[in-house]
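Okay, structure first, notes after.
The values are calculated or read from the model by the stated rules, or taken from the named source; none is laboratory data. For clarity, every value in this text was computed on a predicted model and none was experimentally measured. Backbone-built Cβ (ideal geometry, glycine too); neighbour counts: all protein chains shown.
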Amino acid sequence: MKCEIIENRLIVWNIEDSRKLFSSGYYGKPIGIPKPKPEEINVPLILDLIEGLYLLENKKISIYCNKKKVTMDTMIEICKKEYHEFDKKYLVYKNFRDKGYIINPGIKFGCDFAVYEKGPGIDHAPFLIQVYNRSDFISSTAIVLAGRLATTVRKQFILAIPKGKDKVDFLALDWWKA
């Protein structure tokens, strides 16, 4: 499946490829369809750069920029320019995807990722993920803000802390009412 880099997104122009890619793991967002069902996709698909790198790494897509094929190394460099702490965020993204979860950008929740067990439109994302470094200071105010946000939208807030090049530790926060 061919994708084209346009600014900081990837576009799958072929409609049949868009439908297949979305159906195979809820990759991307069909243009102009807020809550798509796979059979309704009749428009190009927009992929986030992290998704695109994951799909490229797993040989599910090929990426082009100005009609030239983009290599893994070039795609990693593009991602590093776009994302703060890209290596850590990609490790977390890959960790969840490899375990079969659906993982989307969490910008609308004020975090790095929203994680679904089945997929958007099928279930609600039960987890909000924020990626931290092991050395990051996390204030009690930040913990309370994260907890309030997560409980307001009925989700569990998880701190993802990469450890080395291929391991991630997780700290899940649960909130109790007294």
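The single residue among L21, L10 that is in a helix (DSSP H, G or I) and aliphatic (A, V, I, L, M) turns out to be L21. Test D169 against the stated conditions and say whether it is buried (at least 19 other Cβ atoms within 10 Å of the Cβ), among the charged types (D, E, K, R) and farther than 21 Å from P34 by Cβ. Criteria not met by D169. Beta carbons closer than 8 Å, at least 6 apart along the sequence or on distinct chains, pair a first residue in the stretch 121-149 that is free of Cβ contacts under 8 Å to residues at least 24 places away in the same chain with a second that is outside any strand (DSSP E or B) for D123/E117; I138/Y132. Within the stretch 122-152, the residues that satisfy the criterion of being closer than 14 Å to N104 by Cβ and assigned to a loop (DSSP other than H, G, I, E, B) are I122, H124, A125, P126. Applying a threshold of 7 Å to beta carbon distances and a minimum spacing of six or more residues, or different chains, the list of pairs starting in the stretch 1-21 at a residue that is assigned by TED's automatic domain parsing to the domain that holds N42 and ending at one that is surrounded by 16 or more Cβ atoms within 10 Å (Cβ to Cβ) and of a type in the set (S, T, N, Q) reads V12/S18.
With the requirement that a residue be under 16 Å from the mean Cα position of the chain (by Cα) and of a type in the set (A, V, I, L, M), what does the stretch 26-74 give you? The answer is L45, I46, L47, L49, I50, L53, L55, L56.
Exactly one residue out of L45, L56 is within 26 Å of H124 (Cβ to Cβ), in contact with a strand residue (DSSP E or B) (Cβ under 7 Å, 6 or more places away or on another chain), surrounded by 19 or more Cβ atoms within 10 Å (Cβ to Cβ) and not assigned by TED's automatic domain parsing to the domain that holds V131, and it is L45.
Return the residues of the stretch 22-42 that are of a type in the set (A, V, I, L, M, F, W, C) and either closer than 19 Å to G100 by Cα or touching a residue at least 12 places away in the same chain (Cβ under 8 Å) (or both); say none if nothing qualifies. Break it down stepwise before answering.
Initially, the stretch 22-42 is screened for residues of a type in the set (A, V, I, L, M, F, W, C), giving 22, 31, 33, 41.
Hits for the stretch 22-42 are F22, I31, I41.
Close contacts from the stretch 62-82, counting a first residue that is closer than 10 Å to I5 by Cα and in the same structural domain as E7 (by TED's automatic domain parsing) and a second that is assigned to a strand (DSSP E or B) and aromatic (F, W, Y), with Cβ to Cβ under 7 Å and a gap of 6+ residues or different chains, come to V70/Y64. If D123 meets every condition in (1) surrounded by fewer than 13 Cβ atoms within 10 Å (Cβ to Cβ); (2) closer than 30 Å to K37 by Cβ; (3) touching a Lys or Arg at 6+ places or on another chain (Cβ under 7 Å) apart from one, which number is that one? Tallying (1) surrounded by fewer than 13 Cβ atoms within 10 Å (Cβ to Cβ); (2) closer than 30 Å to K37 by Cβ; (3) touching a Lys or Arg at 6+ places or on another chain (Cβ under 7 Å), D123 fails exactly one: (3).
Results for (1) under 30 Å from P162 (Cβ atoms); (2) surrounded by fewer than 19 Cβ atoms within 10 Å (Cβ to Cβ), shown as yes or no for each residue.
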{"residue": "N8", "(1), (2)": "yes, yes"}
{"residue": "W13", "(1), (2)": "no, yes"}
{"residue": "I50", "(1), (2)": "yes, no"}
{"residue": "Y93", "(1), (2)": "yes, no"}
